[in-house]
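Read the structure below first, then the notes.
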Amino acid sequence: MTTNTPDAAFLASIKTPQQDFDTAAIRQLDSAHFLHPFTDHGSLAEKGARVMVRGEGIYLWDSEGHKILDGMSGLWCVNVGYGRTSISQAVYRQMETLPFYNSFFNTTNVPAVTLAAQLAQLAPAPFKHVFFTSSGSEANDTNVRLVRRYWDLLGHPERHTIIGRVNGYHGSTMAGASLGGMAGMHAQGGLPIPGIVHIGQPNYAEAPKGMTEAEFGIVAAGWLEQKILELGPDKVAAFIGEPVQGAGGVIIPPPTYWPEIQRICDKYDVLLIADEVITGFGRLGTWFGSELMQIQPDLITFAKGVTSGYVPLGGVLVGSRVAHVLIEKGGEFNHGFTYSGHPVACAAALENLRIIQDEQLVNAVAVDTGPYLKQKFASLSDHPLVGHADSLGFVAGLNLVRKKAEHLHDCVPFDQALHVGMICRGYMFANGIIMRAVGDRMIVAPPLVMTQAQVDEMVDRIRQSLDDTLADLIKRGWV
Ligand SMILES: *Cc1c(COP(=O)(O)O)cnc(C)c1O
């Protein structure tokens, strides 16, 4: 094995930061040729993209030499931080040994098998099987195929409809975007596809005034029961949700919500799919968010944190209820991808999981840095622009409001057309911190390796950026 390890000089040479990038030329080529995901290309061409060139730990550097604290872990994925040589070495070794082979025709490979076994061990109890994909979207497409196949095999092909949630995010393939509840995505391309419907999200900010969080959790879960009864229980295949909604704006559900969802799924025999693409692999201080929410899903979607984003990988953890039927009664399951069980991606995942375990990152988020982030982040609530700041594990969000009030339901929001969140995001960037804006909600999901001192640094930069935003809004006469 060691004969294939790249030598220290080689590694040093590729890790030396290059200083002289022709940023203008890269920007020009970028707008001439690269269609970015989820991007208004006209406006990007005007502004020019920021060119990221290097990462180390929780920091990024752009082509102009700016050092930026990455509050978003890339895109919710770089859990172990940037610059992990042991992952690049594991990938390099695997590429030298066996860069690819398929798993279609009675063949397998060692990293995929090892990873499947390890994931089965890390997952909550009744999970023994894994179906690999290369992304979260493909994994959710797989879920659609799996649950419909499951009911077909049991002689109930009419159990076909899958229930998702408004403002949920499950990826951007045709099925992924359909399972999600993003109006802007549905509006382009004739989505959702047939057989997928949605209920409201458990967003306490939208609860009727006077309702407690606990009460609202039961009410929001009740929308699932209403929808099942409306469709007819014998028509419903599955319910899918993120334990904590990520792309929707870090929507942390009331503690009463998920146990009630579980009760309803059990009552009507509806399969429960937990999309843990963000909440998996330690983000909430547990290996999987399902543990924290005290649910036992039948299927778990994973991606992102499984490799910390170093190489694309996703998949579905298939619980015993579904696996049993698929294997015992199944015959051939006519679904899969060229890269299902890709040996290089699986090698990256194995090393990534070793790091998470050896450095006890899940425990750190549970008992050390997570509670510390909660306390520091909550302290931002005293800022005049912040209506409400909350967090869970290593996800956090705050709402920018025009007028504060004691209770979040009494805060006065900004006119959405003003795009105050985007203005604030600009100041965050200028102050060297990446925070994402979802409307006027500013969110973070930092790498799990962030220390307490770095939490302080992040929160200081956020506060400075909020001050800058406020000064700007006062100048505009908006507050
Ligand atoms: C990112 C994400 C996906 C989609 O994953 P891709 O790898 O981008 O296809 C699905 N579900 C959730 C919850 C996500 O956050």
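Taking the conditions exactly as written (within 22 Å of V78 (Cα to Cα) and out of contact with any Ser or Thr (no Cβ under 6 Å at 6 or more places or on another chain)), does G249 satisfy them or not? Step through it out loud before you land on a result.
Working: within 22 Å of V78 (Cα to Cα): yes; out of contact with any Ser or Thr (no Cβ under 6 Å at 6 or more places or on another chain): yes.
So G249 passes the test.
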- Task: May I ask you to verify whether P243 is modelled with pLDDT of 95 or more and closer than 23 Å to E276 by Cα?
- Result: yes
- Query: In segment 314-324, what count of residues is obtained for those that are open to solvent by less than 10 Å² (accessible area, probe 1.4 Å) and either over 14 Å from N143 (Cα atoms) or in a helix (DSSP H, G or I) (or both)?
  - Reply: 2
- In segment 418-442, which residue that is of a type in the set (K, R) and out of contact with any Gly (no Cβ under 6 Å at 6 or more places or on another chain) is least open to solvent (accessible area, probe 1.4 Å)? R436
- Message: For the condition in contact with a Cys (Cβ under 7 Å, 6 or more places away or on another chain), surrounded by 21 or more Cβ atoms within 10 Å (Cβ to Cβ) and in the same structural domain as D70 (by TED's automatic domain parsing), what is the one hit in L373, L392, L448, L400?
- Response: L400
- Might you check whether a residue that is in the same structural domain as V270 (by TED's automatic domain parsing), touching a Leu at 6+ places or on another chain (Cβ under 8 Å), more than 28 Å from F239 (Cβ to Cβ) and away from the ligand (no atom under 16 Å from the Cβ) occurs anywhere in segment 294-314? no
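Out of G81, G55, G74, I need the residue that is buried (at least 16 other Cβ atoms within 10 Å of the Cβ), within 16 Å of the ligand (Cβ to nearest atom) and small (G, A, S). Which one?
On the way: G81 fails: within 16 Å of the ligand (Cβ to nearest atom); G55 fails: within 16 Å of the ligand (Cβ to nearest atom).
Among G81, G55, G74, only G74 is buried (at least 16 other Cβ atoms within 10 Å of the Cβ), within 16 Å of the ligand (Cβ to nearest atom) and small (G, A, S).
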- Query: So L272 fits all but one of (1) within 13 Å of the ligand (Cβ to nearest atom); (2) surrounded by 22 or more Cβ atoms within 10 Å (Cβ to Cβ); what number is the exception?
  - Reply: (1)
- Task: Return yes or no: is A25 open to solvent by less than 50 Å² (accessible area, probe 1.4 Å) and modelled with pLDDT under 95?
- Result: yes
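Yes or no: A238 at pLDDT 95 or above, among the aliphatic types (A, V, I, L, M) and not in a helix (DSSP H, G or I)? Show your work before the answer.
Values: at pLDDT 95 or above: yes; among the aliphatic types (A, V, I, L, M): yes; not in a helix (DSSP H, G or I): yes.
The answer is yes for A238.
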- Quick check, is I278 within 14 Å of the chain's Cα centre (by Cα), open to solvent by 10 Å² or more (accessible area, probe 1.4 Å), more than 13 Å from the ligand (Cβ to nearest atom) and modelled with pLDDT of 95 or more? no
- Which condition number in (1) in contact with a strand residue (DSSP E or B) (Cβ under 6 Å, 6 or more places away or on another chain); (2) assigned to a loop (DSSP other than H, G, I, E, B) is the one that L69 fails? (2)
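The values are calculated or read from the model by the stated rules, or taken from the named source; none is laboratory data. All values reported here derive from a predicted model rather than from experimental measurement. Cβ: placed from backbone, ideal geometry, glycine included. Neighbour counts: every protein chain shown. With ligands, DNA and RNA removed, areas are computed over all heavy atoms of the protein, side chains included. Shrake-Rupley method; radii C 1.70, N 1.55, O 1.52, S 1.80 Å.
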